[in-house]
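Have a look at the structure below before the remarks.
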Amino acid sequence: MPSAARDRYSTVAIVLHWLIAAAIVFQVILAWRMDGRTPEGFALVQLHKSVGITILLLSLVRLAWRLTHRPPPAPEGMAGWEKLLAKIAHVGLYVIMIGLPITGWIMVSASRIQVPTLLYGAVPWPHVPGIAHLAAPAKAAWHGVAEEGHEILAWATYVLVALHVAGALKHQLFSKDEPVLAHMAPGAKPGAWFDPRLIVIALAALSVVGAGYAVRPAPPASKPLPPPPPAVEEAPPAEVAAAAPAAATPAETAEAAPAAAEPASAEPSVWKVSSGSTLGFATSWSGSSIEGRFDRWSADIVFGPEALDRSKVSVSIDLASAVSGDQQRDESMQGEDWFDTAKHAKATFTATRFEKTGENRYVAHGQLSLRGVSKPVRLPFTLKIEGDKARVSGVTTLDRTAFGVGQGEWTSTDQIPAQVKVSVNLTATRK
């Protein structure tokens, strides 16, 4: 007679079995709900990736344990074809539990948009080594093969899980001499339709299904932007500080007063943008507001309120520096569907015509080049100059679709509108 320990799987095997089973059911429900075109759908995709990697890791541990620990023997009364079918189903389940996450991992690694994987939004998970940096045709080939394999394995999951469950129920409900369920639910009595362990398993399965529909991971737009780089005031050059008098005499002050009262020079001044200045953007995604900014940009400014005809501004923007409060979404913006930073690393705005529209109010007329497309842009702004310091604040609206920002399914404006607000707030010092 086999010992009691040989009538069941080990405790480690049992725990891993039910954890993986629950994760698979939960994962299937997530897959049914996923729609990456909405913030909620995007968040579900990220959770789906996390659960998939979890299943992969648990399955590898389960396989290692299975190879080093013999399972209990099949019941003596089980037919030979049933034993063979059970072995085939078990091998197939291991193929699915390991193959599905791996094909999904390859799909993510070979995607046109390199979105990082953060397990449960916290733990970085790398792309498959060697795939993420392949040339576009090779990546497309890998992605196609993995996508096809993922779909086939997904359909196989439905078939094998159904067979596995049906076989367990058949032996539990109709075969009193074949205690199969007791291998994974110790103490279960074959032939008992209302065995407490069977009822607990059914309730747990329903709970997992309910959790799969109820879970609402935080959408990308929920995180606030990190603070911008702090402003840094420049110290005066050492030679200027050394040459400056300790204090001006009253006579020197009187002589300097008329010069301070002279009107501004008709020549435009060269201005240097101070740290802490911001170039931002704002839009929405499925009704949820999104605000972001570019952390790396530079501006060459030659401007004078009394010399608008000789003023000019040139701005260069590093598109890969866009931040919006979510790392995964920020990585997506660099992809081919959006800024395509691999081909178009910079955007430029050049203005050579200015007009005054009111007290401290101006409009810059220039050309914006973005993703290889150049379009005229009008930027209204306010300007306040105090001595050698200037403060500028301006807002304009761009049509992202006119520049090709948003390809494929994102050319539609039902989720993300065409109009994007762009704002600039800067301080500058006269050189």
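Could you please find all residues in the stretch 381-431 being of a type in the set (Gly, Ala, Ser) and more than 30 Å from ASN360 (Cα to Cα)?
ALA402, GLY404, GLY406, GLY408, SER412, ALA418, listed by residue number.
Need the failing condition index for VAL377 against (1) open to solvent by 40 Å² or more (accessible area, probe 1.4 Å); (2) more than 18 Å from GLY292 (Cβ to Cβ), just the number.
With (1) open to solvent by 40 Å² or more (accessible area, probe 1.4 Å); (2) more than 18 Å from GLY292 (Cβ to Cβ) applied to VAL377, the lone miss is (1).
Report whether or not ARG8 is open to solvent by 70 Å² or more (accessible area, probe 1.4 Å), farther than 30 Å from SER412 by Cα and among the basic types (Lys, Arg).
yes
If I ask for residues that are more than 18 Å from VAL315 (Cβ to Cβ), hydrophobic (A, V, I, L, M, F, W, C) and surrounded by 15 or more Cβ atoms within 10 Å (Cβ to Cβ), which ones from the stretch 391-431 would you list?
Selection gives TRP410, ILE416, ALA418.
Tally up the residues in the stretch 62-82 that are aliphatic (A, V, I, L, M) and modelled with pLDDT under 85, please.
Looking only at that region, the number is 3.
Find all pairs meeting these conditions: Cβ atoms under 7 angstrom apart; at least six residues apart or on different chains; first residue within the stretch 342-357 and more than 12 Å from GLY372 (Cβ to Cβ); second residue open to solvent by 100 Å² or more (accessible area, probe 1.4 Å).
Partner pairs satisfying both residue conditions: ALA351/LYS312; THR352/LYS312.
I need the full set of residues from the stretch 270-301 which are in a strand (DSSP E or B), in contact with a helix residue (DSSP H, G or I) (Cβ under 8 Å, 6 or more places away or on another chain) and either open to solvent by 60 Å² or more (accessible area, probe 1.4 Å) or among the charged types (D, E, K, R) (or both), in order please.
Of everything in the stretch 270-301, just one residue is in a strand (DSSP E or B), in contact with a helix residue (DSSP H, G or I) (Cβ under 8 Å, 6 or more places away or on another chain) and either open to solvent by 60 Å² or more (accessible area, probe 1.4 Å) or among the charged types (D, E, K, R) (or both), namely SER289.
A quick yes/no check of all residues on (1) surrounded by 15 or more Cβ atoms within 10 Å (Cβ to Cβ); (2) in a loop (DSSP other than H, G, I, E, B); (3) at pLDDT 90 or above; (4) of a type in the set (Val, Ile, Thr):
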site	(1), (2), (3), (4)
LYS176	no, yes, no, no
ALA182	yes, no, no, no
GLY187	no, yes, no, no
TRP193	no, yes, no, no
ILE199	no, no, yes, yes
ALA204	no, no, yes, no
TYR213	no, no, yes, no
ALA218	no, yes, no, no
PRO224	no, yes, no, no
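Among the candidates VAL363, VAL373, which residue alone is β-branched (Val, Ile, Thr), touching a residue at least 12 places away in the same chain (Cβ under 8 Å) and farther than 29 Å from TRP410 by Cβ?
Within the list VAL363, VAL373, the selection yields VAL363.
The values are calculated or read from the model by the stated rules, or taken from the named source; none is laboratory data. What you are looking at is a predicted structure, and each value in this text was computed from that prediction instead of being measured. As a convention, Cβ positions derive from the backbone with ideal geometry for all residues, glycine included, and neighbour counts pool all protein chains shown. Surface accessibility is based on the protein's heavy atoms, side chains included, excluding ligands, DNA and RNA. Shrake-Rupley method; radii C 1.70, N 1.55, O 1.52, S 1.80 Å.
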